[in-house]
Every structure is written in structure tokens, then in C-alpha cells.
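We did not get these values from a lab; they are worked out from the coordinates using the rules stated. Here the structure is a predicted model, which is why all the values come from computation and not from measurement. Using ideal geometry, Cβ is built from the backbone for each residue, glycine included, and neighbour counts are taken over all protein chains shown.
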Amino acid sequence: MKKIPTILVILLLSQFAYASVYKGQKEYMKKCKKCHGNGGKLAKARTTSEWENLFKNKGLPLIKIHDKNDTAAEYFHSKRFKKKVKHLLQFFKKYASDSGNVPACSD
């Protein structure tokens with residue numbers, strides 16, 4: 001009988017561990033849209049593998065690109081970015097140029 005609660009806990013915790021396209025889109029809208037505009041268009045600018053390379057090492061290549069802008073650098077060095085980086089990657093991969101996906105609405 002003890003195995004059922006353990007399995008339930010594992011299943012519930014695993015739901016919080018995965019990355020979410022929706023959460024990535026929401027984060028993009030809050031923190032990136034002001035400078036980069038439409039997220040779907042930006043995502044289409046690169047392939048899935050190019051996005052994966054930019055997000056390697058917890059987004060270090062992306063951080064280096066944004067270090068030239070003080071406002072962006074503040075965000076990219078924040079705890080918030082570290083928490084949201086996996087979601088942002090999922091969003092960009094979902095709509096990458098080689099994904100075949102098209103955003104349903106303007107983002």
C-alpha cells in the first residue's frame with residue numbers, strides 16, 4: 001500500500017520537471033517581445049539545432065549575446081531566467097524553421 005503514494009508523488013513531481021511551450025511563450029511575451037517583436041517570427045529565424053546550441057550550458061551563448069545590453073543582461077543573469085530557460089527553449093524549438101509548426105495566433 002505504501003507504493004501507491006510513492007508512485008503518485010513521483011508522477012506529480014515529474015509534471016513540474018518538464019519544460020512547457022506555453023510557459024516559454026508567456027515568458028517571451030513578458031521579457032523579450034519588447035526588443036524582438038513577434039516570437040513566432042523570431043523562432044522561425046533559426047533551426048531546432050541552432051536554438052539548442054544557443055541554449056547550451058543553461059543559455060550561456062544566449063547570455064553572452066545579450067550582455068551588450070544592460071537591461072537584457074540584468075534579466076539573463078537573474079534567477080528568473082535560470083528558472084525559465086528550459087521553457088524558452090521549448091517555445092523556440094516548437095516554432096523553429098525546421099519544426100513545421102506555425103503559431104496559431106500572434107505572439
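For the reader, a short list of remarks on this structure follows.
- Filter on Lys44/Lys68; Lys41/Lys68; Lys44/Lys84; Lys26/Lys83; Lys44/Lys64 - keep pairs with C-alpha separation over 18 Å: Lys44/Lys68; Lys41/Lys68; Lys44/Lys84; Lys44/Lys64
- Per-residue 3J(HN,Hα) values for segment 64-78, derived from phi via the Karplus relation 6.51 cos²θ - 1.76 cosθ + 1.60 with θ = phi - 60°, read 4, 5, 8, 5, 6, 10, 4, 5, 5, 4, 4, 5, 5, 9, 8 Hz in sequence order (x marks Gly and Pro).
- Treating r as the C-beta distance of Lys41 and Arg80 and R0 as 30 Å, the FRET efficiency rounds to 0.80.
- Segment 40-107, relative contact order in percent, only Cα pairs under 8 angstrom and at least six apart counted: 51 percent
- Sum of side-chain charges, Ser99 neighbourhood, beta-carbon under 14 Å (Lys, Arg +1; Asp, Glu -1): +2
- Gain on full extension, evaluated as 0.36 nm per residue between Ile65 and Asn53 minus their Cα-Cα distance, stands at 3.1 nm.
- The H on the amide N of Asp98, modeled in the peptide plane, is under 5 Å from the matching H of Thr48, each at least 5 residues off or on a different chain.
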